[in-house]
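Peer 1: Sending over a structure as structure tokens; questions will come in a sec.
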Amino acid sequence: MTGPQAGPAAAPAAAPAPTKPVLLGVDDDPEVVRAIERDLRRRYGHDYRVMRAESGRAALELLERLKVRGDPIALLLSDQRMPEMTGVEFLEKARALAPDARRVLLTAYADTDAAIRAINQVRIHYYLMKPWDPPEEQLYPYLDDLLEDWRAVFRPSSDGIRVIGNRYSPKAHAVRDFLGRNLVPFRWLDADATPEAVELLDALGGPDKVTLPAVLFPDGEHLDNPELRDLGERIGLRTRAEKPFYDLVVVGGGPAGLAAGVYGASEGLRTLLVEGAAPGGQAGTSSNIENYLGFPAGLTGADLARRAVAQARKFGVEILTPQEAKSVRAEGAYRVLTLADGTEISCRVLLVTTGVTYRRLDVPGADTLTGAGIYYGAAMTEALSCRDEDVFLIGAGNSAGQAAMHFARYARQVTILCRGPSLDATMSRYLIDQIADMPNIAVLIGTRLTGVSGGERLKAITIACGEEKRTVAASALFVFIGAEPRTEWLGNLVLRDEHGFVLTGPDLPRRDGRPKGWPLEREPYLLETSTPGVFAAGDVRHQSVKRVASAVGEGSIAVQFTHRFLAEG
């Protein structure tokens, strides 16, 4: 038997196209579910794979097959009134199969109470009324928003940025935290536990040739043990200003600073925002902010930061990150800001929105274990590493409560250490109630930390309740105590209180009825410091309300005072 005749060389097989994320519509009414499929396909068919199921049970079976195949699931859209399994029941069961998918409930008007309960109990992301006609107004705007949120946190399995390091390396933690807070997708590969990490290190010449942590980029290049500023420049962040002069310079990229940037630039001011770590500030690390107006299902701090940064850039705000302000001085009508790299920037108005940082632990050994089991703030990138472990949180505010709820999804046990007699005075009631309903969260009141121990990583902590002390095993400790302003760089330019918070407007000390040292005939504006043209907003300000909405409000108000100041000439 002769073989086939030689012909043209076969073309190399094309690389498989990336799998489109799935949008799944569920309704027991065939006509309605076809309408859902039709409208989803019309809007999203190019970028997503639209599927349908005619019962909750059928949808769960489909999700199981998709999970086995590794197909990403972006959205679940389910009717509430289905006979075998209600939409709420389906979405609750679906969380285990597609935990990151956006969950939307379709309801009739009579079902709105069930939908609102589902926001709290099942953590659905939104509910929509039937009918949704026209979809251009009643469907697509809401789904667009939800899918944008999903894409911001989706981590595709294809090669992207990869970080190789040791879990308990402080530098590796800093790199992961920096990328995570700047919303840069990456894959973490533990050099001690991931075979792929070993293979990649061998490909780079062996572990002895690479200084961990190593950051590998899709183009084949890599950075060994990078400085965060160098890493920021490599991933496309801007650290140098385009201009030498601005109308408004905002120092600090938390909610107050981002709000000021949006309002300033949208109203025609040449605006620069300088942020030392990542936009969003302390609020940007929150796992879920549920009491922010207009978001009944809550939103993560990362979502809030991403939306605000997109808005700011839309209006032309120039954002420098990571970049730090080192000093500032007043020269006549201008304020001159010196950055960490030595460059100087002049402006007519300076707005200080640097927020606060958590107070450091005052126990022996805590400093050497920082980043190696002890973390300040939520450190969201550590959540997956805490799976099936016992973790502890110190603090009694909303940030600690939000973090406890988030870590409880992964850790075996979460324990909150509270020095006071209860959480009531410092934490919002909705968080207290949620914590009480979580079986793997415990609250130890009247308890303080007295010691930490471990070699290269945290292994145990010592706690005291009254005169009783005991040592317990701990793999991670997250700290949410106190609030210290970051105002040293201001020097003597503005007056501050004994704790370093900036004094503004009516809080400025007075002599003979006049603000002490105030050079102008008019009174200082509400958010103006002891130096005209220098304002402060948000948590850094003396006696400010420590809430995200308050910071956003102060940032926007500061821009109105900026206009008044500029109008004075």
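Peer 1: Provide the net charge surrounding Ser428, with neighbours chosen by a C-beta distance below 14 Å and charges set as Lys +1, Arg +1, Asp -1, Glu -1.
Peer 2: Summing Lys/Arg as +1 and Asp/Glu as -1 gives 0.
Peer 1: So for the chain, considering every pair of alpha-carbon atoms, how many percent are separated by more than 45 Å?
Peer 2: For the chain, the fraction of Cα-Cα distances above 45 Å is 24 percent.
Peer 1: Could you work out what % of the accessible surface of the range 429-569 is carbon and sulfur, using a 1.4 angstrom probe and leaving DNA, RNA and ligands out of the count?
Peer 2: Answer for the range 429-569 is 51 percent, counting heavy atoms of protein chains only.
Peer 1: Quick check on the range 323-439: of the DSSP beta bridges with both residues there, what percent are antiparallel, nearest 5%?
Peer 2: Expressed as a percentage, antiparallel bridges in the range 323-439 total about 60.
Peer 1: Accessible area per residue, 1.4 Å probe, Å², for the range 39-137: what's the number?
Peer 2: The answer is 52 Å² per residue.
Peer 1: To the nearest 10 square angstrom, what accessible area does Val559 show with a 1.4 Å probe?
Peer 2: Probe radius 1.4 Å; accessible area of Val559 about 0 Å².
Peer 1: Roughly how many Å² of Arg387 are accessible to a 1.4 Å probe, to the nearest 10?
Peer 2: Arg387 has an accessible surface of roughly 120 Å² with all protein chains in place.
Peer 1: Chymotrypsin sites (Phe, Trp or Tyr not before Pro), restricted to the range 121-154: which are DSSP loop and have at most 15 other Cβ atoms within 10 Å?
Peer 2: Here the sparse-neighbourhood loop sites are Phe154.
Peer 1: Under 13 Å from the Cβ of Glu64, count the other residues' Cβ atoms, weight Lys and Arg +1, Asp and Glu -1, and hand me the total.
Peer 2: Cβ neighbours under 13 Å give a net charge of +3.
Peer 1: Same structure, new question: Would you mind calculating the gained length between Asp190 and Arg57 on full extension (0.36 nm times residue separation, minus the Cα-Cα distance), in nm to one decimal?
Peer 2: Full extension of this stretch gives 44.1 nm more.
Peer 1: Related question: Within the chain, what percent of beta bridges assigned by DSSP are antiparallel, to the nearest 5?
Peer 2: 35
Peer 1: Under a straight-distance cross-link criterion of Cα-Cα below 25 Å, which lysines are reachable from Lys93, leaving out those fewer than 8 residues away in the same chain?
Peer 2: Straight-line reach from Lys93, under 25 Å: Lys20, Lys67, Lys130.
Peer 1: Then there is this: Given a 1.4 Å probe and heavy atoms of the protein chains only, how would you sort Thr300, Thr239, largest accessible area at the top?
Peer 2: My answer, sorted largest first, is Thr300, Thr239.
Peer 1: Keeping all protein chains in position, work out how much accessible area Tyr263 exposes to a 1.4 Å probe, and write it in Å² to the nearest 10.
Peer 2: Counting only protein heavy atoms, Tyr263 exposes about 100 Å² to solvent.
Peer 1: Once label points are set 7 Å from the Cα along Cα→Cβ at both Arg514 and Glu89, what is their separation, rounded to one decimal in nm?
Peer 2: So the two model labels end up 7.6 nm from each other.
Peer 1: Ignoring ligands, DNA and RNA, what accessible area per residue does the range 497-565 give at 1.4 Å, in Å²?
Peer 2: That works out to 46 Å² per residue.
Peer 1: Sticking with this one: If Lys and Arg each add +1 and Asp and Glu each add -1, what is the summed charge of the other residues whose beta carbon sits under 12 Å from the beta carbon of Ile394?
Peer 2: +3
Peer 1: May I ask for the distance between the Cα centers of the range 508-569 and the range 60-105, given as a whole number of Å?
Peer 2: 50
Peer 1: Quick one: ranking Arg102, Arg181, Arg313 by accessible area, 1.4 Å probe, largest first, what do you get?
Peer 2: Order by accessible area, largest first: Arg313, Arg181, Arg102.
Peer 1: Moving on to the next point. Any idea how far apart Ala567 and Ile235 come out in nm if each label point goes 7 Å out from Cα toward Cβ?
Peer 2: In this crude label model, Ala567 to Ile235 measures out at 4.2 nm.
Peer 1: How far is it, in nm, from the label point at Leu293 to the one at Lys459 when both lie 7 Å from their Cα along the line to the Cβ?
Peer 2: Those two pseudo-labels are separated by 5.3 nm.
Peer 1: Can you show me the helix-derived [θ] at 222 nm for the chain, built from DSSP H runs with n ≥ 4 at -39,500 (n - 2.57) apiece and divided by the number of residues, rounded to the nearest 500.
Peer 2: -8500 deg cm²/dmol
Peer 1: Continuing with the same structure: Please report, as a whole percent, how much of the solvent-accessible surface of the range 57-109 comes from carbon and sulfur atoms (probe radius 1.4 Å).
Peer 2: Carbon with sulfur: 48 percent of the solvent-accessible area.
Peer 1: Between Glu521 and Gln560, 0.36 nm times their residue separation minus their Cα-Cα distance comes to what?
Peer 2: 12.1 nm
Peer 1: Sorting His222, His406 by accessible area (1.4 Å probe), largest first, what list results?
Peer 2: Result, largest first: His222, His406.
Peer 1: Output the peptides 167-175, 486-494, 278-286 sorted from most to least packed, where packing is the average of other Cβ atoms within 10 Å over each peptide's residues.
Peer 2: Ranking the peptides 167-175, 486-494, 278-286 by packing returns 278-286, 167-175, 486-494.
Peer 1: How much of the accessible area of the range 143-226, in percent, comes from carbon and sulfur atoms when a 1.4 Å probe is used?
Peer 2: 51
Peer 1: If I stretch the segment between Arg307 and Ser422 completely, what's the gain in nm (0.36 nm per residue apart, minus their alpha carbon distance), one decimal?
Peer 2: 37.9 nm
Peer 1: Counting only residues 5 or more places away or on other chains, whose amide H sits under 5 Å from the amide H of Ser327 once H atoms are built in the peptide plane?
Peer 2: Thr338
The values are calculated or read from the model by the stated rules, or taken from the named source; none is laboratory data. Remember, it's a predicted structure, so these values are computed and weren't measured experimentally. Backbone-built Cβ (ideal geometry, glycine too); neighbour counts: all protein chains shown. When the accessible area is computed, the model is the full protein with side chains, heavy atoms only, and any ligands, DNA or RNA have been set aside. Shrake-Rupley method; radii C 1.70, N 1.55, O 1.52, S 1.80 Å.
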